[in-house]
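See below for the structure under consideration.
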Amino acid sequence: MMKPHVVFILSDQHNPQIMGNAGDDVVRTPVLDALYEQGVAFDNCYCASPLCVPSRSALLSGLLPSRTGVFNNMQALPSNNATFVNALTVGSYETVLSGRMHFVGWDQRHGYEKRFVGDITPCFVGGDNEQEIYGDFKRSSGQNMTSIKKSGPGRSAVLDYDRDVVDAAISYLETRDDGRPLFLTVGLYGPHCPYIAPKELYDYYYENLEELPFVDQQIKSTMHPAIQRWYENRNLEAVTQEDVRRIRAAYYAMVEYMDTLIGELMEAIDQTLGRENTLVVYGSDHGDNIGEHGLFWKTNFYEGSVRVPLVLSKPDTFPARRIKGLSSLLDLAPTLLEFTGSPGLPQYDGISLMPYLGGGEDIPEDRHVIALCSDIKGDEPSAMIRHKQYKLVQHAGYEDYQLFDVANDPKEQDDLGTSEQHAQTIADMAQILDTYWDPRQAQEELRKSKIHFSLMKRWFDTVQPELVEEWRGDVKNNYLDLE
């Protein structure tokens, strides 16, 4: 009997709260809601790093950034490190990637045999395709005020890219003649910024979003000093309440747009592979704060940034349920390899979720999950541990931690990092966190990373290497539809 097919849908920057199944009664996500209704949902899943490349490298390898050596978007997963995709191929699977995975360097596969639609972001360190991709919206995909101000109703390369990715995946499903079981990854770029969405959808959410995060400069001044520096590094002092409404309206609309595309993909799966023969996995590499705490994008450890959606759906095999125990994207590698009967990787920082997919057992309460961040935007490296109801965040170079009781303070408004009452909790969690990272070493590695980045950018400018598997849309399709 042939092994089951697996379709892995991986979006970019999807805040897990912006779905109907998460309790949001404004956003319209019927396709994702159906997946959650029929699947096993992991409601407390975290990425290993709230940034694209390190999160994806960790997901594919099953290893934390401290073991892959990939902490920011200017670093590459070594090609001699097997990914779970390599192992699936050895396990008799046809492995296909349609769309985004944000690989850096010459190796744009890392185990995938076939790829349709190259990446929307540059393949090489130092590469800059934003003028060609976004035109006048250049920089609007990054963490800066251009992203904030150039937002609203209209059209952007992100929408066109995801359309091409899904069309290519559907076309392949309808024409493939490979007799092996299929592992298909569909890599979407939405709802990643630019925060630009089709006008009809945008207008709906602009009118219907009532509860908005409040931008309060005075509250910002009471935040942890590392978060204050985070604001300064991105010049967010000028963000207005209208900016928050406009961005959230566009973001919600992009999530609905993505849901519609996923719906088309699900219909194609039904008609070709058959849902009864297919495990469908949906997840995202990290989230987006979209205005919470006056923050946007990612690269911090607030829930909107570091927590991610994750659902696995094969109703005839795994009864639908929601699992509250702590999980991680690091768990996907061992889970999928066990599910498919493929060879295992030599080591994992995650666990297989198979024991929790098939029965009523929950993930043990004493499990902890780790995430690390060391980006090049001027912030100090930081690390997070989530254990039971608490989340502890350490910022390199700062004496005080951040501590949140996520169960009783889900919006993370009460920082307990300097609370004497919680001193023992902080000490206990910090002791565990110390086994995963060294703040001083992280600072030194970041310093060296910036030197590498500077040299590689100069190399790229000098050599102008032939681009591999990068997507090019029509730059004229970037515009704001302003009345």
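The values are calculated or read from the model by the stated rules, or taken from the named source; none is laboratory data. Predicted model, so just to flag it, every value in this text is computed and none were measured. Cβ atoms come from the backbone with ideal geometry, glycine included; neighbour counts cover every protein chain shown. Quick note on the areas: whole protein, heavy atoms, side chains included, nothing else; ligands and nucleic acids left out. Shrake-Rupley method; radii C 1.70, N 1.55, O 1.52, S 1.80 Å.
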Subset tally (residues that are among the hydrophobic types (A, V, I, L, M, F, W, C) and in contact with a helix residue (DSSP H, G or I) (Cβ under 6 Å, 6 or more places away or on another chain)) for segment 65-87: 6
Elements of type helices (runs of 4 or more DSSP H) in segment 281-367, at least 1 residues being among the polar types (S, T, N, Q): 303-306, 332-340
Number of the condition not met by A250 [criteria: (1) modelled with pLDDT of 95 or more; (2) open to solvent by 10 Å² or more (accessible area, probe 1.4 Å); (3) within 23 Å of the chain's Cα centre (by Cα); (4) not polar (S, T, N, Q)]: (2)
Top-ranked residue of segment 430-456 - restricted to ones that are part of a loop (DSSP other than H, G, I, E, B) and in contact (Cβ under 8 Å) with a residue 12 or more places away in the chain, ranked as surrounded by the fewest Cβ atoms within 10 Å (Cβ to Cβ): Y436
Number of the exception - T68 against (1) buried (at least 18 other Cβ atoms within 10 Å of the Cβ); (2) in contact (Cβ under 8 Å) with a residue 24 or more places away in the chain; (3) over 20 Å from V255 (Cα atoms): (2)
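Looking only at segment 105-124, filter to residues that are among the charged types (D, E, K, R) and assigned to a loop (DSSP other than H, G, I, E, B); which one of those is surrounded by the most Cβ atoms within 10 Å (Cβ to Cβ)?
Filtering segment 105-124 for residues among the charged types (D, E, K, R) gives 107, 109, 113-115, 119.
Within this subset, residues satisfying the condition of being assigned to a loop (DSSP other than H, G, I, E, B) are 107, 109, 113.
Values: D107: 15, R109: 18, E113: 16.
Step by step, filter segment 105-124, then rank; the result is R109.
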Answer residue from segment 23-38, given it is in contact (Cβ under 8 Å) with a residue 12 or more places away in the chain and under 20 Å from the mean Cα position of the chain (by Cα) and is farthest from Y282 (Cα to Cα) among those: V27
Lone qualifier among E365, E338 - being farther than 30 Å from G142 by Cβ, surrounded by 14 or more Cβ atoms within 10 Å (Cβ to Cβ) and among the acidic types (D, E): E338
Residue tally, condition in a helix (DSSP H, G or I) and open to solvent by less than 90 Å² (accessible area, probe 1.4 Å), over segment 462-483: 3
Where W459 falls short, out of the listed (1) assigned to a loop (DSSP other than H, G, I, E, B); (2) surrounded by 11 or more Cβ atoms within 10 Å (Cβ to Cβ); (3) out of contact with any helix residue (DSSP H, G or I) (no Cβ under 6 Å at 6 or more places or on another chain): (1)
Odd one out for D405, checked against (1) surrounded by 13 or more Cβ atoms within 10 Å (Cβ to Cβ); (2) closer than 17 Å to A226 by Cα: (2)
Sole exception among (1) touching a residue at least 40 places away in the same chain (Cβ under 8 Å); (2) assigned to a loop (DSSP other than H, G, I, E, B); (3) within 18 Å of A48 (Cα to Cα); (4) touching a strand residue (DSSP E or B) at 6+ places or on another chain (Cβ under 9 Å) for I376, by number: (4)
Cβ pairs under 7 Å, 6+ apart, first in segment 106-132 and farther than 22 Å from D461 by Cβ, second of a type in the set (D, E, K, R) and modelled with pLDDT under 90: R115/E469
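Among the residues of segment 125-149, which ones are assigned to a loop (DSSP other than H, G, I, E, B) and buried (at least 23 other Cβ atoms within 10 Å of the Cβ)? I'd like the intermediate steps shown before the answer.
Step one: of segment 125-149, the residues assigned to a loop (DSSP other than H, G, I, E, B) are 125-129, 138-144.
Within segment 125-149, S140, S141 qualify.
Of the residues L201, L159, L212, L188, only one is touching a strand residue (DSSP E or B) at 6+ places or on another chain (Cβ under 7 Å) and either crowded, with 22+ Cβ neighbours inside 10 Å or under 29 Å from V26 (Cβ atoms) (or both); which? Explain how you work it out, then say what you get.
On the way: L201 fails: touching a strand residue (DSSP E or B) at 6+ places or on another chain (Cβ under 7 Å); L159 fails: touching a strand residue (DSSP E or B) at 6+ places or on another chain (Cβ under 7 Å); L212 fails: touching a strand residue (DSSP E or B) at 6+ places or on another chain (Cβ under 7 Å).
Just one listed residue meets the conditions, L188.
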